[in-house]
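A short reminder: the numbers here are calculations on the coordinates, not readings from a lab. Remember, it's a predicted structure, so these values are computed and weren't measured experimentally. Counting neighbours? That spans all protein chains shown, and the Cβs are built from the backbone with ideal geometry, glycine included.
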Amino acid sequence: MSRPIFPIFVDAEQLAGQLNNQQLQIIDMCALESYNEGHIPGALHLDYADIVAQRPPISGLLADYKHLEELFSRLGLRNNAHILAYDSEGSGKAARLFWTLAACGINNVSILNGGIHAWLAGKHPLSKEKKQLSSNPFSLTPTADVIADKAYILEHLKTPDVMILDARSPEEYGGSDLRSKRGGHIPGAKNLDWSLTFDRQDLLRLKPTATIQALLDERGFSTKKEIIVHCQTHHRSALIYAILKSLGYPRVRGYHGSWSEWGNCLETPIEK
């Protein structure tokens, strides 16, 4: 494939200048009602629920590869395209697609910084045209080195080269906000609430790189370590995954079962 159009995180102004680029495919992950009211011109709509799987009480699992291949083929995605995703809620959904595609071996993917809010603030055009593409064969190459599961974490709990980043709130991390059978955190995990990485007063855009890097440095997250990120369902932590990749961290995995699995399993060790 040719040189990527964009880095991982893209500003609205950058995107506006590339709307006619035929190499670009834009994915809207806002609510369908919002998409129908107006979306970035040329954007295809994708429902977040279609890229995750549920096995109650476990939520947010990586969907079956066959399902994903059929989904992306039906949507009309092309293997030789550069895919850009956006949403309306802090880029968690867009980042989960970013990670999902990475798990499928697709790396020419970007996220719109600030999502639809940044696009609207820049007074960029909207469209109500519901773009539909013809089905197109889309091939996946499953890539296990971006994925962590319960067994992998249990195996590496005491590995000095591996760190765990818990992207939940401090209350969830400490166990007072209970969202599974058990509260607390994975032993040794460091807490970095995902909401600290973006600015609610600035259209949900990411905070300056230096600010985010300082948060990571304070917690000891080094580029020399492998970092496993998780939250409750690997939605919030997907944004942290994308941020780490954008900052040049070479070894990052997403725990897609996250605390909905770990906290609901009575055999896994926890700390509070």
>> At R0 = 22 Å, how high is the FRET efficiency between Glu33 and Arg200 if r is their beta carbon distance? Nearest 0.05 is fine.
In response: 0.45
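Can you say what percent of the DSSP beta bridges in region 144-262, counting only those with both residues inside, are antiparallel? Round to 5. Show your work: numbers first, answer last.
Working: 2 of 14 bridges.
In region 144-262, DSSP labels about 15 percent of beta bridges as antiparallel.
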>> Just to confirm my numbers, what's the Cα centroid distance between region 95-132 and region 162-205 in Å?
In response: 24
> Can you list the HN-Hα couplings for region 25-37, worked out from phi with the Karplus curve (6.51, -1.76, 1.60; θ = phi - 60°), rounded to whole Hz and with x for Gly and Pro?
Replying inline: 10, 9, 10, 8, 10, 6, 4, 4, 4, 5, 4, 5, 6
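Rounded to the nearest 5, what is the percent of antiparallel bridges among the DSSP beta bridges in region 1-139?
On the way: 4 of 16 bridges.
So the antiparallel bridges in region 1-139 amount to around 25 percent.
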> In whole Hz, what ³J(HN,Hα) sequence does region 136-142 give by Karplus (6.51, -1.76, 1.60; θ = phi - 60°), x for Gly and Pro?
Replying inline: 9, x, 10, 9, 10, 10, x
> Just one of (i) 22.1; (ii) 14.0; (iii) 17.6 is mean projected area of the Cα convex hull in nm² as worked out from the coordinates here. Which one is it?
Replying inline: (ii)
> Taking the Cα atoms of region 96-164 alone, what are Rg (to one decimal) and Dmax (as a whole number) in Å?
Replying inline: 18.5, 53
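Provide the gained length on full extension for the span Glu155 to Glu69, in nm with one decimal, where the gain is 0.36 nm per separating residue minus the Cα-Cα distance.
On the way: separation 86, 0.36 × 86 = 30.96 nm, distance 3.02 nm.
Extra length from Glu155 to Glu69 when fully extended: 27.9 nm.
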>> Is there a quick way to get the dipole size of the chain? I mean about its Cα centre, with the Cβ of Lys and Arg at +1 and of Asp and Glu at -1; what is the value in debye to the nearest 20?
In response: 260
>> Assuming 0.36 nm per residue, please report the length gained on full extension of the stretch Arg78 to Thr209 beyond their Cα-Cα distance.
In response: 44.0 nm
> Can you list the lysines whose alpha carbon is less than 28 Å from that of Lys150, not counting same-chain residues fewer than 8 positions off?
Replying inline: Lys66, Lys93, Lys158, Lys181, Lys190, Lys224, Lys225, Lys245, Lys272
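Calculated from DSSP H runs of 4 or more alone, at -39500 (n - 2.57) each and per residue, what is the 222 nm mean residue ellipticity of the chain, nearest 500? Spell out each step's value before the answer.
Details: 10 runs with 79 residues, N = 272.
Dividing the helical sum by the residues of the chain leaves -7500 deg cm²/dmol.
Among the GluC sites (Glu not before Pro) within region 42-91, which fall in a DSSP loop and have no more than 16 other Cβ atoms within 10 Å of their own Cβ? Please list the in-between numbers first.
Working: sites: Glu69, Glu70, Glu89; in loops: Glu89.
For GluC sites (Glu not before Pro) across region 42-91 that sit outside H, G, I, E and B with at most 16 neighbouring Cβ atoms in 10 Å, the list reads Glu89.
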>> Rounded to whole Å, give me the distance from the Cα center of region 32-89 to that of region 233-249.
In response: 18
> Going from the alpha-carbon gyration tensor of region 196-239, what semi-axes, largest first and in whole Å, does one get by taking the root of 5 times each eigenvalue?
Replying inline: 20, 16, 7
> Among Met29, Met163, which comes first, second and so on when ranked by fewest other beta-carbon atoms within 10 Å?
Replying inline: Met163, Met29
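Can you tell me what share of the DSSP beta bridges in the chain is antiparallel? A percent to the nearest 5 is fine. List each step's numbers first, then the result.
Details: 7 of 31 bridges.
Within the chain, antiparallel bridges account for around 25 percent of the total.
Give me Cys231, Cys30 sorted ascending by neighbouring Cβ count inside 10 Å, so fewest comes first.
Working: Cys231 28, Cys30 24.
The order, fewest Cβ neighbours first, is Cys30, Cys231.
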